[in-house]
Amino acid sequence: MKEAITALPISTYSPYQDPIFYGLILVAVMLLIYILQLQGVLKAVANKAKQDKKKQSRNWPTAIIIILISFGFSNSASAATGDQMLKFLHNGFGNTPFNALFTLIVIELGVVLYYNRMIKYLTTDFVGLKEGAPEANPERVGPSFWNKLNKSVEIKDEAAILTDHDYDGIRELDNALPPWWKYGFYLTIVWAFGYLFYYHAGGNGPSSLQEYNTQLADAEKQMEEYRKNAKNLVDETSVVLLTSSEDLKAGSALFAANCVSCHGASAEGKIGPNLTDQYWKHGGDIKDLFKTVKLGVTGTGMKSWKTDLSAMQMAQVTSYILSLQGTNPANPKAPEGPLYTPLADSTVAVANVLPDSTATAKK
Amino acid sequence: MNTETFYYDNKIVKQFAIATAMWGLVGMLVGLTIALQMVWPFLNFNIPQTTFGRLRPLHTNAIIFAFVGNGIFMGVYYSLQRLTKARMFSDFLSKIHFWGWQLIIVLAALSLVMGYTTGKEYAELEWPIDILITLVWVIFGVNMFGTLIKRRERHLYVAIWFFIGTWVTVAMLHIVNSIELPVSFTKSYSYYAGVQDALVQWWYGHNAVAFFLTTPYLGLMYYFIPKAANRPIYSYRLSIIHFWALIFIYIWAGPHHLLYTSLPDWAQSMGTVFSIMLLAPSWGGMINGLLTLRGAWDRVRESAVLKFMVVAITAYGMATFEGPMLSLKNVNAISHFTDWTIAHVHVGALGWNGFLTFGVLYWIIPRMWQTDLYSKKWANWHFWIGTLGILLYAIPMYWAGWMQSSMWNEFTPEGQLQYQFLETVQTMRPFYMARSLGGLLYLVGAIIMVVNLVKTAKQGVFLAQEKAEAAPLEKVRITGNEHWHRVIERRPLQMLVFALVLVAIGGVIEMIPTFLVKENIPTIAAVKPYTPLELEGRDIYIREGCYTCHSQMIRPFRSETARYGDYSKAGEFVYDHPFQWGSKRTGPDLAREGAGSLKRMDSWHYNHMMDPSSISTGSIMPRYPWLFEDKIDFAEITNKMKAMQTLGVPYTDADIAAGADSARRQAQQITNGLMLEFKQNQLLTSDEGLQPDHEILALIAYLQRLGRDAAPVQQ
């Protein structure tokens, strides 16, 4: 199985520029109009049916509740998850507005089908629908579609295939096996042998681990391709302090999402150290911080974030952290580590960073 | 030919019917409770007995064995008497069967909430209850076969074939999967370990679905559909082929629960191909049921009984189509560990089992009480509310499953995982809410039914002994032309043997090589047995049902190895009695919780178990405050190690003799470390009252051990 890897960069793709999106909206609106019209027809038909008194009363409230709730659900579900779902891209095409639209259309189609059925139900004159009529009403002349499909004997002729079995009044017909079922069964058996041959007996189907290796190789290739064209790729040797307000804003959001549980909402320190003072256990330069975030610190709670955050994101969050220097939040944790004084040559500070890492994290 | 007069025993049917309805409500209520706990985790009220990990097994066991179990017996005792033209073999055995089964259910409920569990899904009950189940099941079998032997109907109807197949297969599954070594009256260890345990467990688990939730209910369908619709069964030869094909093929399909795990590839493929071959035999039952209604569809509109049954068969058809699709590796890679599986099983449980049970209840209660249903209108309301409940349950769960999987697998172009696990959990909340609403509606429908049935019973007169007449069977030589299958339909015991042979084949072929051929489980030299304290911690992990939300199986996918560390290997689990791979990832995988980049400080675990959301904001994991009060039973550790030694774990006698001391020492070490960390880090959580014998220490020891052997922590 190939993993779905987003090919489209998140920032550049917007469904609101996609013509298909507007096409779908049009479809949804048209369906809605159609539903409203059907509703009118249905009302009229239902009234007539009532007057005719031919039909049994139908559970109208139930039907209406179903429709209301299904609409209500689809709306509330998409509204409630809005935040995460807006971020949610899958294969570049199935993002939230699309999902919501598709759902709406599917539900609308369901309603249309339901209304159609109701109208058909209310307008058909059921000959066989009389109280206490136990036997079926074979009104058709030729074999129906279903009987043809299943090779069933017509109901009116079924005496010919009625066996002499009688169990507590239950009789048994002996219709032929439906051909699609029978041949479908054969097909699955053939498929099973083919599958086993392909994966285990001479075919070259990949094992689970071969699939995995292919997956890794593909991903590596893709990332390499990306790196070729991508800008803003930094690492701990090339990172510089970011100062633009957008970067700091992004850093602040990342901090809130990932760091506050250990370092506190204002970086005052909880399980993890206070980040607003000038005391750093692993160096206080942007490059030191970047490395600490990227690789983590073995034996402490600081994990490696390199599988969670992109290089740019790590640069943003570390820049944000350094922007908090001297903010003096409430309830600060006592200083830990040596006092850090910025040096002209930052490479000295880099040397302070613990050399090992928890990078047993694979890939 | 003289006819005999005899009486059908309706009283036993009535008892099972009441039990079905009552346990159904209980099981659904527990289900609703845990559904709400997934949205509001504080609903466990910090009490161990009401926490998700213990209630979830209670929910599954109550629905499967109490609700559906009693439903099976109700239907069998009603239909078997009438299909054989005989009273049940022994009223006494019927009585023992009924009260024995209810005793099992009560014991199960009590023991599960108290934390007595084997930690194997749908087989959580401890060994004394396992033995009780075996005894009661044998009594059921004797009673059934006794009835078959004194029957007045020469041939067995297809419903009875299914009952026979069910009985013999469930007996086999239960016995083989429950082989365990008792440590005490309330604790045992699975005889099997790791990969082998997983194979046996899912051979059992899958076929519990097949032979407890499917085949007996097909039997009921074959009786109640033609009765309620007053139509002949569509095709006798379809019955024959789909019955034998179904029981033969079903048993092989278990490994499809273990795709992409450490189970050898060949065994996984067996699971896949047999699941695909199962499509037609499963659908055979649906076709025969639905086409029996040919010419009676006008009555389906009128009759609540038939409406319930039609939706039941349709749900069966959908679930048995979806099942094989989920067994394809590429589909399973998406669905496994997500809520998709939850949606899938609930279409089966709510739609097929629930609705068929309701249909049967609506059909037999008025008959046994010789009256009409109290309110057809209420029955119709029940139908619509129930259907809506199923939809509101299933649709959000399918959606949730798909989203979970997509989010877990999402990478940024730079190659980072797009989402933290916690983000995926938070995204699920609205879906879990909608699902709870669906469950609530379904429960409301069931309550309406119970009221309706009680009122029906009140207005009628119960007929305990239903008079019937039939001629006794005479010894005759059957000559002349007859269908070849008629021969076996006269011989219930031979049918039993044939069925047993057929269902044994699949299990034997899949299990024996996995047990005997060494290459199937390559050992890893670095993997050592757990220390005594870790072993104790593992038992706490099992007791609290952590496996109901956390897997311990990293599949070989880029998205999983990036998140959790190297993929899991068969050799890592050789000392795991029982295995704890899990089947659902409501929380993250824990296979390498103590290793690599996932390794956390002891104090992290300490605080996290005390109050998960204090560390992971928005977590839906409940709090476990009792682990900080309850004491480790150090004396018992020696017995546990002895049992493990018997099962082949290489503890020396010296290890065992020093077991308690070693555990105490390790607990003290962890305590010292925690105290130090508390002092250094001014933790929010108070360390007041931390004692070196609190259970939390054993659990921390176990969690810190997970995955460390195969991927040691670099120092």
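The values are calculated or read from the model by the stated rules, or taken from the named source; none is laboratory data. Quantities reported herein were computed from a predicted structural model and do not represent experimental measurements. No Cβ is skipped: glycine too gets one built from the backbone with ideal geometry, and neighbour counts run over all protein chains shown.
How many of the residues making up the range B:30-84 are over 23 Å from the mean Cα position of the chain (by Cα) and within 30 Å of B:Tyr222 (Cα to Cα)?
8
Can you find a residue in the range B:213-220 that is in a helix (DSSP H, G or I), at pLDDT 95 or above and more than 24 Å from B:Ser327 (Cα to Cα)?
Yes, there is a match, as at least one residue in the range B:213-220 is in a helix (DSSP H, G or I), at pLDDT 95 or above and more than 24 Å from B:Ser327 (Cα to Cα).
Taking the condition of being among the acidic types (Asp, Glu) and crowded, with 22+ Cβ neighbours inside 10 Å, how many residues in the range B:122-134 meet it?
So the answer is 2.
Taking the residues in the range B:555-577 that are outside any loop (DSSP other than H, G, I, E, B) and within 11 Å of chain A (Cβ to nearest Cβ) as candidates, determine which candidate is surrounded by the most Cβ atoms within 10 Å (Cβ to Cβ).
My answer is B:Tyr564.
Restricting to the range A:315-363, name every residue that is closer than 13 Å to A:Ile286 by Cα, modelled with pLDDT of 85 or more, in contact with an Asp or Glu (Cβ under 9 Å, 6 or more places away or on another chain) and in a loop (DSSP other than H, G, I, E, B).
Once the filter is applied, which keeps residues that are closer than 13 Å to A:Ile286 by Cα, modelled with pLDDT of 85 or more, in contact with an Asp or Glu (Cβ under 9 Å, 6 or more places away or on another chain) and in a loop (DSSP other than H, G, I, E, B), the range A:315-363 yields A:Gln325, A:Tyr340.
Among the listed residues A:Gln316, A:Gln325, identify the single one that is surrounded by fewer than 18 Cβ atoms within 10 Å (Cβ to Cβ), away from chain B (no Cβ under 12 Å) and among the polar types (S, T, N, Q).
It is A:Gln325.
Evaluate the following for B:Ala193: is it under 29 Å from B:Ala643 (Cα atoms), modelled with pLDDT under 95 and either within 21 Å of the chain's Cα centre (by Cα) or surrounded by fewer than 24 Cβ atoms within 10 Å (Cβ to Cβ) (or both)?
So B:Ala193 passes the test.
Kindly check whether there is at least one residue in the range B:285-305 that is modelled with pLDDT of 95 or more and within 30 Å of B:Ile512 (Cα to Cα).
No: the range B:285-305 contains no residue that is modelled with pLDDT of 95 or more and within 30 Å of B:Ile512 (Cα to Cα).
Suppose we keep only residues that are under 19 Å from B:Leu290 (Cβ atoms) and not aliphatic (A, V, I, L, M) within the range A:147-163. Which one would you say is farthest from the chain's Cα centre (by Cα)?
For the range A:147-163, the residue satisfying everything is A:Glu158.
Mind listing whichever residues of the range B:30-42 are in contact with a helix residue (DSSP H, G or I) (Cβ under 7 Å, 6 or more places away or on another chain), in contact (Cβ under 8 Å) with a residue 60 or more places away in the chain and in a helix (DSSP H, G or I)?
B:Gly31, B:Leu32, B:Ala35, B:Leu36, B:Gln37
Yes/no matrix, rows are residues, columns are (1) under 25 Å from B:Gln426 (Cβ atoms); (2) more than 10 Å from chain B (Cβ to nearest Cβ):
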position: A:Thr243; (1), (2): no, yes
position: A:Cys262; (1), (2): yes, no
position: A:Ala267; (1), (2): yes, yes
position: A:Ile271; (1), (2): yes, no
position: A:Trp280; (1), (2): no, yes
position: A:Thr298; (1), (2): no, no
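In the range A:266-275, which residues are touching a Phe, Trp or Tyr at 6+ places or on another chain (Cβ under 9 Å) and at pLDDT below 85?
Listed by number, the list holds a single entry, A:Ile271.
Scan B:Gln580, B:Gln552 and give me the residue that is closer than 20 Å to B:Thr51 by Cα and crowded, with 23+ Cβ neighbours inside 10 Å.
It is B:Gln580.
Would you say B:Asn70 is modelled with pLDDT under 95 and touching a Ser or Thr at 6+ places or on another chain (Cβ under 9 Å)?
The answer is no for B:Asn70.
Those residues that are crowded, with 24+ Cβ neighbours inside 10 Å, in contact with a helix residue (DSSP H, G or I) (Cβ under 7 Å, 6 or more places away or on another chain) and not in a helix (DSSP H, G or I), I need them from the range B:328-353; list them, please.
Once the filter is applied, which keeps residues that are crowded, with 24+ Cβ neighbours inside 10 Å, in contact with a helix residue (DSSP H, G or I) (Cβ under 7 Å, 6 or more places away or on another chain) and not in a helix (DSSP H, G or I), the range B:328-353 yields only B:Thr338.
Let me confirm something: among B:Ala319, B:Ala315, which residue is in contact (Cβ under 8 Å) with a residue 60 or more places away in the chain and either under 16 Å from B:Leu218 (Cβ atoms) or not in a helix (DSSP H, G or I) (or both)?
Exactly one residue qualifies, and that residue is B:Ala315.
I'd like to know if the range A:157-168 contains one or more residues that are at pLDDT 60 or above and aromatic (Phe, Trp, Tyr).
Within the range A:157-168 (the criterion being at pLDDT 60 or above and aromatic (Phe, Trp, Tyr)), the answer is yes, since at least one residue qualifies.
Across the range A:210-229, which residue is farthest from the other protein chains (Cβ to nearest Cβ) among those that are farther than 30 Å from B:Asp265 by Cα and charged (D, E, K, R)?
So, considering only residues that are farther than 30 Å from B:Asp265 by Cα and charged (D, E, K, R), the one farthest from the other protein chains (Cβ to nearest Cβ) is A:Lys228.
Within the range A:280-313, track down each residue that is part of a loop (DSSP other than H, G, I, E, B), aromatic (Phe, Trp, Tyr) and under 33 Å from the mean Cα position of the chain (by Cα).
Scanning the range A:280-313 gives a single hit, A:Trp305.
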